[in-house]
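Below is one structure; the comments refer to it alone.
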Amino acid sequence: MATFLAGGNVSAKEGGVQPAMTLWQTVEALVQQIPFTKTKVENLLLTPLAVKDASRSPIQNTAFQFYIAGPIRLSDDTTISRVDLRIRHKAGHPGFLVLNLEGACVGLETVRAHYSDLKVTDRPRGRSLDEVTSYTATLQWGELSFSFKERNPTCLWSLAFDPTVVEGDDTTM
């Protein structure tokens, strides 16, 4: 089943079977999985997602279930160092997905080649080198944001998929 969702593109790499997709093929394939579920993301990325409350709050989050995984090496030497999937406990929410990256440097010009209509949606405020500049594309299905850390501002650090909640869905907070 995993090979079907991944388009049959798998390869044996160090550490097991990995998707034989580039970063951009992975992005497009993930968009096709909206609304996100644990199973859909696991099958596409060929990796198990572990339950984890990524908020690091001492109070248990009752709104979302958090799942994490990684690292996942892609065919273009990009590595998804962390997959962070968040799904509301109430039915109907499309999920929220963040991919943190490392490996091959993906610059803003490469991002613009794939998504030309980007708006700056977050800027560093001078408090930390871990703050980001985020560029967001508004697409038919929702928003896709690309973040670049101040510590390495020329290389893409993360992508965030924020699908639009379907009208009539009462699961918004």
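The values are calculated or read from the model by the stated rules, or taken from the named source; none is laboratory data. Since the structure is predicted, the reported quantities are computational estimates derived from the model, not experimental observations. Note that we place each Cβ from the backbone using ideal geometry, even for glycine, and neighbour counts take in every protein chain shown.
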Q. Tell me, which helices (runs of 4 or more DSSP H) wholly within region 1-100 include 2 or more residues that are at pLDDT 95 or above and buried (at least 16 other Cβ atoms within 10 Å of the Cβ)?
A. 23-31, 38-45
Q | Unique residue being within 14 Å of the chain's Cα centre (by Cα) and within 16 Å of GLN25 (Cα to Cα) when the list is ILE68, ILE72 | A | ILE72
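Can you tell me which residues in region 103-120 are part of a strand (DSSP E or B) and surrounded by 15 or more Cβ atoms within 10 Å (Cβ to Cβ)?
Within region 103-120, the subset part of a strand (DSSP E or B) is 103, 119-120.
The one that is part of a strand (DSSP E or B) and surrounded by 15 or more Cβ atoms within 10 Å (Cβ to Cβ): GLY103.
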Q: Within region 146-167, work out how many residues are closer than 26 Å to GLN32 by Cα and assigned to a loop (DSSP other than H, G, I, E, B).
A: 7
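Return the residue satisfying two criteria in turn: it lies in region 57-84 and is among the β-branched types (Val, Ile, Thr) and in contact with an Asp or Glu (Cβ under 6 Å, 6 or more places away or on another chain), and of such residues it is nearest to LEU97 (Cα to Cα).
Taking the candidates together, the pick is ILE68.
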Q | Evaluation of SER158 against (1) surrounded by 13 or more Cβ atoms within 10 Å (Cβ to Cβ); (2) free of Cβ contacts under 8 Å to residues at least 60 places away in the same chain; (3) of a type in the set (Gly, Ala, Ser) (one fails), failing number | A | (2)
